[in-house]
Amino acid sequence: MTSKDLLHPDDDLTSGDQEFWNGLMDKVKLGEAEAPTDTVEVAPKPVFCVKTKNKEGEKVFMNICTCEQIPEPKKLSVEELVKLLESEDAMQASQYRIPMSIGDKPHAEVDKKGVGCSVYDIAINTNYISTLKEEPAFMNFFLQVVYEGLSAKFQIELDWDWLILKNRSHVGRIRPHTIRTFRKPVIQEVTQPAKKRTTKHTQPAPKPKYIVLQQPVTGSPNYLIVDVWLPGIESSSKLTLDVGEDRLTLHAHPAMYFLDIELPYDVIPLESGAQYDTGKQQLTVALMTAET
């Protein structure tokens, strides 16, 4: 899925939008920005339950649920997944991501024998369930990601000897999840007094200077910020921006600049925003990564 309608020079710029962008860009330069997000409470629907144990031998259950608000992972074939996992390029292998929501905390329940156990609720995209059920390779990879997520969030170690329950879709009551949603700014052209510039090109469409930043600066980012400098472009009406799940392309007409870059993380095209500063002649694109 791609999103092309990212530049709208005729929209009205509110003070709140301007403050958002000014604050965001100031923090990005300082490496301090947090994801500009809002949150929404959702009710995950249980689909299947995985049984395992922790290192102390205590029973642990994982309720695998679905939620339409969580993005669907990029579609891959089994061969493509295996190729990525076997790749020696760590960056390439990390580009396949499974957006998911892990409950804020485990809930204590009692199994059929009356023995206490811990239960974790995990929510993923509704459509992705069919992929897991049809392809064992994706199920194994998905559970590896879940194990890593639980380990990182709750500092627990789980036994890889797991079992999917046949007659129970979940254990205990599924708690609501609070997931983040991207605060999408109105996409604007910011007009400022600026001297007209003329640029001579020795080639039809040169590649402009750009930089890709991630926030937070360490670990898995919540979003990417792409800054592109476009000397000679006085209006966003000259630009065509296309954002895909793993790629960004930019055309500056007529044949002034062309940029085609592969993004280091998958993003959500429909949750992207762009702003063109006519004074600085700089395009800033905010991209929400496929993470929850």
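The values are calculated or read from the model by the stated rules, or taken from the named source; none is laboratory data. On a predicted model such as this, the values are computed, not experimentally measured, just so you know. Cβ placement follows ideal geometry from the backbone for every residue including glycine, while neighbour counts extend to all protein chains displayed. Remember, those area values only see protein heavy atoms, side chains included, never the ligands or the DNA or RNA. Shrake-Rupley method; radii C 1.70, N 1.55, O 1.52, S 1.80 Å.
Some values worked out for this structure:
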quantity: Pair Glu79, Val217: separation of 7 Å Cα→Cβ label points (nm); calculated: 4.3
quantity: Rg(Cα) / (2.2 N^0.38 Å) computed for the range 49-162, rounded to two decimals; calculated: 1.13
quantity: Sequence-separation-based contact order of the range 200-292, relative, with Cα cut under 8 Å and 6+ spacing, percent; calculated: 30
quantity: Phi to ³J(HN,Hα) by Karplus 6.51 cos²θ - 1.76 cosθ + 1.60 over the range 259-274, Hz, x for Gly, Pro; calculated: 10, 9, 10, 8, 6, x, 9, 5, 10, 9, x, 6, 10, 10, x, 9
quantity: For the range 43-174: accessible area per residue (Å², 1.4 Å); calculated: 56
